[in-house]
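Only the coordinates and a few stated rules stand behind these numbers; no lab work does. Note that the structure is predicted; figures quoted are calculated from it, not measured. Glycine gets a Cβ as well: all are built from the backbone with ideal geometry, and neighbour counts include every protein chain shown.
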Amino acid sequence: MNMRRGTVIGSAFIALMGLMSSFGVSASDQSRAKEVLQQTCVQCHRLEGKPDSRFNLKAPDLIWAGSKYRRPWLIGWLTGKEAPLYAKGYRWDLTEVSSKHPVVTDSDANAIADYFAEHNKDPRVTVGAFDVSKVTKYEADFGAMAFKAHACLGCHTINEDGKIIGGPQSTALQASGQRYDKDWLYRFGLNPQDFVPHSGEFLADATDPQLRAVIGYLMSQGVNDFKYYEPWTSAEFDKASVSRGKALYKNIARNATGRQAKEMDQQHLA
Ligand code: HEC
Ligand code: HEC
C-alpha cells in the first residue's frame, strides 16, 4: 500500500519536473528569483496589491510585470544595458537625480523574467488583442499626430527624425516598440487609470481606431526595421493592379485624415 503510494507520488514528482524543465524553468531558478525579488527588488517595487498613485510609490509597479515587457528588453534592463526611463528620476517631486538601477547577473535576470511570466501575468490583458503586423504607415503617422494633438508629448519623450523631443516627467517612450508587450500597451491605453490612478496620466477618450493608431505608432518607436502593413500586397488586393491599389488606398487615407482631423478640432473646441 505505502509502497504503491510512494511510487505514485514519485512518478507524479518526476512528471512535474519533466513538465517544468520542458518550459525551461527549474525549481531552483524560481526559488533563486524569489529570493532576489524579496531581498532586493521589493525595497522599491510592489509585486502585488492594487494600482496606486505614483506619488505613493518609490518605483513603478511590477504587479503586471509578466505581461508588460518584451523579454529581451527586460533582460537588458535588469543587466544594466538599457537607457533610464525617467530622465529626472521616478520621483522628480522629491529629487531631480536619476539614480542608477541595481544590476543582476544574466542568469538571475532570466530567472526573474521566468518568475514574472509565471506569477505576475495580468489577467486583464487579452493576448492577441493588438496585431502589430497590421499597422500601416498611414496609421502610425496618424498616431504620431494624435500623440501631439493630445498633449502626450508634454510628459513623455519620443524620437522624431532622430531627435528626442518631449517632456521628461514620465516614462521615456522613444524605445517603446522594444520595451512593451503590444497587448499590455493596448490594454493600458484602454484605461490608464487601471494601472496608474491619480497620477496626472491622460484619461483616454479616444475611439478604438484612434487608440490603435497611437499604440501602433508607439510600437514602431525604437524599431528601425519596423515592417508596416501594406494592404495592397495582401490577398484582398491580389487581383487588383498594384499601382491602382496604391492610388486607391492613398485616396482613402487622405480622406480619412481630413475627416479625423476635423473630428479632433471639434473635440478641442468642445
Ligand atoms: C533602490 C530602488 C530600486 C530597487 C532596489 C530596484 N529597483 Fe527597479 N526601478 C527603480 C526605479 C526608480 C525605476 C524607474 C526607472 C528609472 O528611474 O529610470 C525602476 C525600474 C524598473 C523596471 C522598469 C519599470 C517600468 O515598467 O517602468 C523594472 C522591470 C525593474 N525596475 C525591476 C527591478 C527588479 C527585478 C529589481 C530587483 C533585482 C529592482 N528593479 C530593484 C528602483 C529600484
Ligand atoms: C500630465 C502628464 C501626462 C500626459 C499629458 C500623458 N501622460 Fe502618459 N503617463 C503619465 C504618468 C504620470 C504615467 C504613469 C507612469 C509614471 O509613473 O510616470 C504615464 C504612463 C504612461 C504609459 C505607461 C508607462 C509605463 O511604462 O508604465 C504610457 C504608454 C503613456 N503614459 C502614454 C501616454 C499617451 C499616449 C498620452 C497621450 C494620450 C499620455 N501618456 C499623456 C503622465 C502623462
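With respect to the cross-link table entries LYS121/LYS182; LYS134/LYS227; LYS68/LYS182; LYS68/LYS121, which display a Cα-Cα separation exceeding 19 Å?
none
How would you rank 46-59, 217-230, highest first, on the average number of other Cβ atoms within 10 Å across their residues?
Per-residue mean Cβ counts within 10 Å order the peptides as 217-230, 46-59.
If you stretched the chain out fully between ASP106 and ASN191, how much longer would it get, using 0.36 nm times the residue separation minus the C-alpha to C-alpha distance?
27.2 nm
Given R₀ = 30 Å, what would the calculated FRET efficiency be for LYS58 paired with ASP131, taking r from the Cβ atoms and rounding to 0.05?
That pair, LYS58 with ASP131, gives E of 0.25.
Is the range 29-73 best put as rounded, prolate or oblate by its Cα gyration tensor, with a ≥ b ≥ c the root eigenvalues, rounded for a/c under 1.5, and otherwise prolate when a/b is larger than b/c, oblate when not?
Taking the square roots of the gyration eigenvalues as a ≥ b ≥ c, the range 29-73 is oblate.
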